[in-house]
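The structure appears right after this line, and notes come after that.
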Amino acid sequence: MYVHAGGCWNGGRRSRGVDQDAALRTLAEGVPPCPHCRPDKALGHRSHPR
């Protein structure tokens, strides 16, 4: 499971849109960003390396 940016080709059929605050919260909770569309960069979120 990844967080995707809107329109990502890798989002899949079961994806659903959320607002910016929900996406940032999800990233902060540790759900990784999609390595293709990089929503963390678009939202200005700094991911911590694991």
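The values are calculated or read from the model by the stated rules, or taken from the named source; none is laboratory data. What you see is a predicted model; the values in this text were computed from it and never measured. In this analysis, Cβ positions are derived from the backbone assuming ideal geometry, glycine residues included, and neighbour counts consider all displayed protein chains. Accessible surface is based on the protein model in full, side chains and every heavy atom, while ligands, DNA and RNA are left aside. Shrake-Rupley method; radii C 1.70, N 1.55, O 1.52, S 1.80 Å.
Per residue, the chain reaches -7000 deg cm²/dmol at 222 nm when only DSSP H runs of four or more residues are counted, each adding -39500 (n - 2.57). For the chain, the extents of the C-alpha atoms along the principal axes are 28, 20, 17 Å, listed from largest to smallest.
Compared with the alpha-carbon gap, the fully stretched path from Cys8 to Arg38 is longer by 9.9 nm at 0.36 nm per residue.
In this label model, Val31 and Asp19 are separated by 1.6 nm, measuring between points 7 Å along each Cα→Cβ vector.
A cut-off of 5 Å between modelled amide H atoms, ignoring neighbours fewer than 5 places along the same chain, links Val3 with Cys34.
Once the 1.4 Å probe is applied to the protein heavy atoms, the chain comes out at 84 Å² accessible per residue. For Cys8, the amide hydrogen comes within under 5 Å of no other amide hydrogen, counting only partners 5 or more places away or on other chains and with H modelled in the peptide plane. Coupling constants for region 9-18 follow from the phi torsions by the Karplus curve (6.51 cos²θ - 1.76 cosθ + 1.60, θ = phi - 60°), and in residue order they are 5, 9, x, x, 6, 8, 6, 9, x, 9 Hz; glycine and proline get x.
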